[in-house]
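Undergrad: I have a structure here, written as structure tokens, and I will follow up with some questions on it.
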Amino acid sequence: MSAEDRRFDVLRAIVADYVATHEPVGSKALVDRHHLQVSPATIRNDMAVLEDEGYIAQPHTSAGRIPTDKGYRLFVDRLSQVKPLSVGERRAIQTFLEAGVDLDDVLRRSVRLLAQLTRQVAVVQYPNLTRSVVRHVEVVSLTPTRLLLVVITDTGRVEQRVVELEQPVDDDAVIGLRSLLGMHVTGRRFADAAEGLRALAGNAEPESKATVSAAVSGLLDALV
């Protein structure tokens, strides 16, 4: 076994003990709990190297060591065996997530499921929508009086809204509306895009004002 592999075994033992006890781990505890097949002096030397390299840290003088973020990252990257999910577990997870009604609900279900499976606190963080940029706007005609608006952001988020129209529109009108909306929002941050849409609704031609206003209202709902 190389020195690097041996030090990783020491790091893995520290991670396991710290996760289990939430207490800093000392060299004596590693000797007593783990069969590392090296002397206590070697373990202390390996811990010193791991600390110098930033994988573990000493929270205060005379305490044991705890893993750092860098140490956890190395531990995860070098996991060689991951227990596969059983057929029943896969089916249960799939059923649980498929019951989500929208993206928000799926994320809520995912974080709740993760917490239940790991028995740890789970947190989900959305991309910062105030900094998100509109990458593309699509307008799809579902029926002559119903449109599907799709907004795709630079973070990969997708928002969809169905808009009901007072008057039917043909394919040419849908193409023109797609171009008009895209010109006012594509490449702009959400807040700027919303301002552009409000201006667009106020300046629309009389014959298309109702359609444009309905589309703008749907997009504003997606953006704001």
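The values are calculated or read from the model by the stated rules, or taken from the named source; none is laboratory data. On a predicted model such as this, the values are computed, not experimentally measured, just so you know. Heads up, the Cβs are rebuilt from the backbone with ideal geometry, glycines too, and the neighbour counts pull from every protein chain shown.
Undergrad: So which of R90, R44, R65 is loosely packed, with under 15 Cβ neighbours inside 10 Å and either at pLDDT 80 or above or more than 30 Å from V151 (Cα to Cα) (or both)?
TA: R90 is the lone residue from the list that is loosely packed, with under 15 Cβ neighbours inside 10 Å and either at pLDDT 80 or above or more than 30 Å from V151 (Cα to Cα) (or both).
Undergrad: Can we say D17 is buried (at least 18 other Cβ atoms within 10 Å of the Cβ), without any contact (Cβ under 8 Å) to a residue 24 or more places away in the chain and in contact with a helix residue (DSSP H, G or I) (Cβ under 9 Å, 6 or more places away or on another chain)?
TA: yes
Undergrad: Just the residues that are among the small types (G, A, S) and either surrounded by 16 or more Cβ atoms within 10 Å (Cβ to Cβ) or touching a His at 6+ places or on another chain (Cβ under 7 Å) (or both), please, taken from region 1-14.
TA: From region 1-14, those among the small types (G, A, S) are 2-3, 13; that's our starting set.
Matches in region 1-14: A13 only.
Undergrad: If T153 meets every condition in (1) free of Cβ contacts under 8 Å to residues at least 40 places away in the same chain; (2) surrounded by fewer than 16 Cβ atoms within 10 Å (Cβ to Cβ) apart from one, which number is that one?
TA: Just one mismatch for T153, condition (2).
Undergrad: Taking the options R109, R119, name whichever one is within 30 Å of L85 (Cα to Cα) and in contact (Cβ under 8 Å) with a residue 12 or more places away in the chain. Write out each step before concluding.
TA: Working: R119 fails: in contact (Cβ under 8 Å) with a residue 12 or more places away in the chain.
Unique residue meeting the criteria: R109.
Undergrad: Can you tell which of L30, L36 is surrounded by 16 or more Cβ atoms within 10 Å (Cβ to Cβ) and not in a helix (DSSP H, G or I)?
TA: Every option except L36 fails the conditions.
Undergrad: Now a separate question. Among all residue pairs at least 6 apart or on different chains, which show Cβ distances below 7 Å where the first residue, located in region 37-64, is without any contact (Cβ under 8 Å) to a residue 40 or more places away in the chain and the second is surrounded by 13 or more Cβ atoms within 10 Å (Cβ to Cβ) and assigned to a loop (DSSP other than H, G, I, E, B)?
TA: I43/L36; E51/Q58; G54/T68; A57/T68; P59/P24; A63/P24
Undergrad: Just one of (1) surrounded by fewer than 16 Cβ atoms within 10 Å (Cβ to Cβ); (2) within 27 Å of the chain's Cα centre (by Cα); (3) aliphatic (A, V, I, L, M) trips up L74, so point out which.
TA: Only one criterion is unmet by L74, namely (1).
Undergrad: Would you say V140 is over 30 Å from I93 (Cα atoms), surrounded by fewer than 18 Cβ atoms within 10 Å (Cβ to Cβ), among the aliphatic types (A, V, I, L, M) and assigned by TED's automatic domain parsing to the domain that holds A214?
TA: Yes: the conditions hold for V140.
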